[in-house]
1. Across the range 59-66, in residue order, what do the Karplus-derived ³J(HN,Hα) couplings come to in whole Hz, using 6.51 cos²θ - 1.76 cosθ + 1.60 with θ = phi - 60° and x for Gly and Pro?
2. For the range 71-76, just list the computed ³J(HN,Hα) in residue order, Karplus coefficients 6.51, -1.76 and 1.60, θ = phi - 60°, integers in Hz, with x standing in for Gly and Pro.
3. How would the range 97-148 be classified by its alpha-carbon gyration tensor: rounded, prolate or oblate, with rounded meaning a/c under 1.5 and the a/b versus b/c comparison settling the rest?
4. Mind listing the long-range amide H neighbours of residue 54? Cut-off is under 5 Å, sequence gap 5 or more, other chains count too, H placed in the peptide plane at 1.01 Å from N.
Amino acid sequence: MGEEEESIEQAAAARRERLRALKAAQELLNAPEEQDKLEDADSTMEEENPSMKFRNYLPHDKELQEGKLAPPVLPKFEDPVAVAPPPSEEKEDPFVNIAPKKPNWDLRRDVQKKLDKLERRTQKAIFKLMEEQQKANLLAEDEHVSED
């Protein structure tokens, strides 16, 4: 048991040393960035006029108008869906040709003669009514003229 405890302690000590080495390496890597940040902060504090950027507001003060930024130029949006539809191969379904395009085509074919005859009679009746109405108007005008 004593040997096992010593090996565990040695492994823990080695692990601690590796962690310390990693921390030291990490600090060395971060140190230049922190120094740059500190130098930037010092230089900005030394400036008397803070730099203001106005994107959507136009100030009335002439000095502040210099901080007005130009509006950003947005790239033209191209709708990928509307650009070009994929080429579709037009394959006709063979069953479409079997079925009629209009389901009542045979009824129309059988009744077409009767419909034509009915249409001629309708036109004659409309013409006859118009003639009668025109005669009635002429009689009414004649009576109106004869009364005067």
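1. Karplus-based 3J(HN,Hα) across the range 59-66 equals x, 7, 6, 5, 5, 7, 5, 5 Hz.
2. Result, rounded to whole Hz: x, x, 8, 8, x, 5.
3. Values: a/c = 11.18, a/b = 5.24, b/c = 2.13.
Cα axes put the range 97-148 in the prolate bin.
4. 68, 69
Here, each number is a calculation from the coordinates, and none is a lab measurement. Just so it is clear, the model here is predicted, and its values are computed rather than measured.
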